[in-house]
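Nothing in this text is a laboratory measurement; each read-out follows from the coordinates by a stated rule. Every value quoted in this text rests on a predicted model; they were computed, and no experiment measured them. In this analysis, Cβ positions are derived from the backbone assuming ideal geometry, glycine residues included, and neighbour counts consider all displayed protein chains.
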């Protein structure tokens, strides 16, 4: 908060002990405070939920983890690529399919050359109801970012839109209904949903998007249609629900322990920030040298961010939510994001929350 974040809140669990904390404001105009129980857009944490729903279908034999996606969705991924890209490659981002976002939001097309982007597309499409098939076509028709199964893979939301369509194909329901019934309700998450409209119901924070200083002051994007990323990043949840979900996942209560082993089988993947990270099936590890490994996922949306991690033994957990995104300004000469005090403050918070 002192480093410049308008508001953030967290929940840390260690066995039966629970700590919750909040600092700052949920609304910069009114000074309304954030609280630890607020609902929040958690972005790509959604991917763990979607991956779990797919693995449940693998367990029943409805989906083959190493079956080509072209056998299920030949019209969406036709020909040689459909025969070469497996379901596993979609889940762990080694499919080679490009990200569709620069095509769906045209003024972001220069990303990752941030200085050449313009965030106006975010405002232009605040209420746009996107067709997933059209977004998938954008990603599939774009130049491949790597060979199918090649490493490092490249993180791409196109993969998870296809997984959503795959769930629809094999279950006969929408991806939202499948994930809600088989993952959210199975875990008993009472404050978690895949929203159908642009609003966050219940107590929540406004979400402030700075886009590297191009929105000055940062602009509130808490009201925003999330159809551009539903199975990859539209989830609304609470920190308590996230910690409950990851606790049950690592205990083998959402997918089997053998499926969890598959989820923790990692490959190198280039993140959206251009860094090479280890990534499994909807999970990625975090660890310090010589310290315990944590598993979980992070997520960002326009204006909001979250991170949820659980120690490999399932005992200690952390979930953190933020209401400002892309706070770094750009270096005038290089156009690259400059270090910001929030970066170090967050790293310290994560380290203390996970390791004490």
Sorted largest first, extent of region 258-301 alpha carbons per principal axis (Å): 30, 26, 20
Given the rule -39500 (n - 2.57) for each run of at least 4 DSSP H residues, summed and divided by the residues of the chain, what is its mean residue ellipticity at 222 nm, to the nearest 500 deg cm²/dmol? -8000 deg cm²/dmol
Give the separation of the Cα centroids, region 331-353 to region 230-305, in Å. 21
Quickly work out the residue 75-to-residue 30 label distance, labels modelled 7 Å from Cα along the C-beta direction, and quote it in nm with one decimal. 4.6
Comparing 94, 117, 86, which has the greatest mean-square fluctuation in the GNM of the chain with Cα pairs linked when under 10 Å apart? 117
Give the separation of the Cα centroids, region 1-45 to region 101-118, in Å. 30
Kindly state, to the nearest 0.05, the FRET efficiency for residue 110 paired with residue 343, given R0 = 25 Å and r defined as their beta-carbon distance. 0.60
Could you work out how far the C-alpha centroid of region 50-72 sits from that of region 124-193, in angstrom? 13
Of the residues 297, 93, 125, which exhibits the maximal mean-square fluctuation in a Gaussian network model of the chain defined by a 10 Å Cα contact cut-off? 125
Only counting other Cβ atoms within 10 Å, I'd like 47, 336 sorted with the fewest neighbours first. 336, 47
With 10 angstrom as the radius, rank 178, 224, 146 by how many other C-beta atoms surround their C-beta, starting from the fewest. 146, 178, 224
Taking 0.36 nm per residue of separation and subtracting the Cα-Cα distance, what length does fully extending residue 118 through residue 275 add? 54.3 nm
Give the relative contact order (percent, whole number) for the chain; include only Cα pairs under 8 Å separated by 6+ residues. 25
GNM of the chain, Cα pairs under 10 angstrom: of 303, 82, 274, the biggest fluctuation goes to 274
Sequence-separation-based contact order of region 236-323, relative, with Cα cut under 8 Å and 6+ spacing, percent: 24
